[in-house]
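Data block below; observations after.
Derivation of every value follows stated rules applied to the coordinates shown; laboratory data play no part. Worth saying up front: this structure is predicted, and the values here are computed from it rather than measured. Here Cβ is always computed from backbone atoms with ideal geometry, including for glycine, and neighbour counts include all displayed protein chains.
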Amino acid sequence: MSVALYIVGFPSLYGGAGAELYHQVRAWETLGVVLHFIPTQKNVRKAALYGEMTERGHVIHDAYDWAAIPEDAPVISFCNEDFLAALPEIRKRTRRTVFVNCMTWLFGKEKEAMSRGDIALFLYQNDKVRQSMAPRLRAINDDPAISFITFRPYFDSSAFPYVADRASDWFGAGHISRQDEDKFSKDTWRIYEHFASPVPKRGTFLGFDARSAAKTGKPPDWVESFHDQKSLSQQEFYRRCHIVLQPTDTTENWPRVGFEAMASGSVLIVDKRGGWEQMIEHGRTGWLCESPGDFIACATKMAWEPHYREDMAAAARERGLALGGLEASLESWRQVFDVIEEL
């Protein structure tokens, strides 16, 4: 595929859109797409992946260098507000503008861009989110030339090895997220304290600070918390956790934590809403909960029934590979590029 794609933003190993972008880069490479990055950070040469992206032959332009975009070249950005703010300038160079909103709500600048017709194609990882967002955007601008598509994002599971030989003399439960208050339920410690286990419980929270504690209160003595991945790697987090016990106040879009946990063999016990409902088959590849009692009951079941948990972890791994596998994603991206060509 002889396509040059201009990407506003830069990949990262951890967190949100940057990590999502990193995985899609691998899919685009497989398709033979020529990648040009226009960073929205001025110190990009200090970024963890700068050397890797350079060695892999990708072109890295200066930050905010919109003049580097050739006439009518496709430009894409994942959840980047700098891209949204720069769209009037970018549209002077190309009409092929593509935005991936990784959230379940609209950015203010996204709505402003829609009113001007500055985004030609909206991409969504979750079809239910597309069905919710597209009518709201159409109400702002009903131009039929603007397209809305759901695609299959790629998740490279090689960075998250499956852990089969988990400890049997203790039971690990954990929570992994940003430190923001809405990533936590006020019932967190009630749930963690009340689920039962035949062996001692060990808790691990990756992504926890004063903001988190303001919502949940102080962790119990048997729960160890870490500020971010610099304190504890994601891989070590999943190795410690037989289950990811994660009640929150958010509605997730297409949670990367789900793919990481599925690949690693940590069974997901999460809220029955948002992307979790599409990702998890309740009782087979994880648990979808509607109340603190549900979380407590499901965690207890996983602690007391290790063979059931192991079967569920294996089924979840296969589910993750099917949802985020390379072949399905490549076919999806081929369709996206066909649409971009017609913009």
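Descriptive notes on the structure:
- Ascending count of other beta-carbon atoms within 10 Å, so fewest first, for SER132, SER225, SER197, SER77: SER132, SER197, SER225, SER77
- Pairs from the list LYS109/LYS218; LYS111/LYS218; LYS128/LYS183 with a Cα-Cα gap above 30 Å: LYS109/LYS218; LYS111/LYS218.
- Theoretical FRET efficiency, 1/(1+(r/R0)^6), r = Cβ-Cβ of ASP182 and LYS272, R0 25 Å, to 0.05: 0.90
- Looking at the range 5-105, the trypsin sites (Lys or Arg not before Pro) that sit in a DSSP loop and have at most 16 other Cβ atoms within 10 Å of their own Cβ are LYS42, ARG56, LYS92, ARG95.
- Equivalent ellipsoid semi-axes, the range 158-323, via Cα gyration tensor eigenvalues times 5, rooted, Å: 21, 17, 16
- Dipole of the chain, positive direction: furthest Cα of ALA48, ALA145, PHE205, with charges on the beta-carbon: PHE205
- For the chain, the pair-distance distribution built from all alpha carbon pairs, in bins 10 Å wide starting at 0, is 5, 24, 31, 23, 13, 3, 0 percent.
- Values of log10 I(q)/I(0), in the order q = 0.14, 0.15 Å⁻¹, for the range 52-203 under a Debye, Cα-only, solvent-free model: -0.88, -0.94
- As a rough footprinting exposure proxy, the listed residues CYS79, CYS298 were ranked by other beta carbons within 10 Å of their own, and the order from fewest upward is CYS79, CYS298.
- Ordering of 218-224, 201-207, 311-317 by packing [mean C-beta count within 10 Å, highest first]: 201-207, 311-317, 218-224
- Length-normalised contact order of the chain in % [C-alpha pairs under 8 Å, at least 6 apart]: 15
- SER233, SER168, SER157 arranged by Cβ crowding within 10 Å, fewest neighbours leading: SER168, SER233, SER157
- Using a Gaussian network model of the chain in which every pair of alpha carbons under 10 angstrom is joined by a spring, one finds that among ASN101, ASN141, ASN43 the greatest mean-square fluctuation is at ASN43.
- Free-standing Cys residues across the chain, given no other cysteine C-beta under 4.7 angstrom: CYS241, CYS289, CYS298
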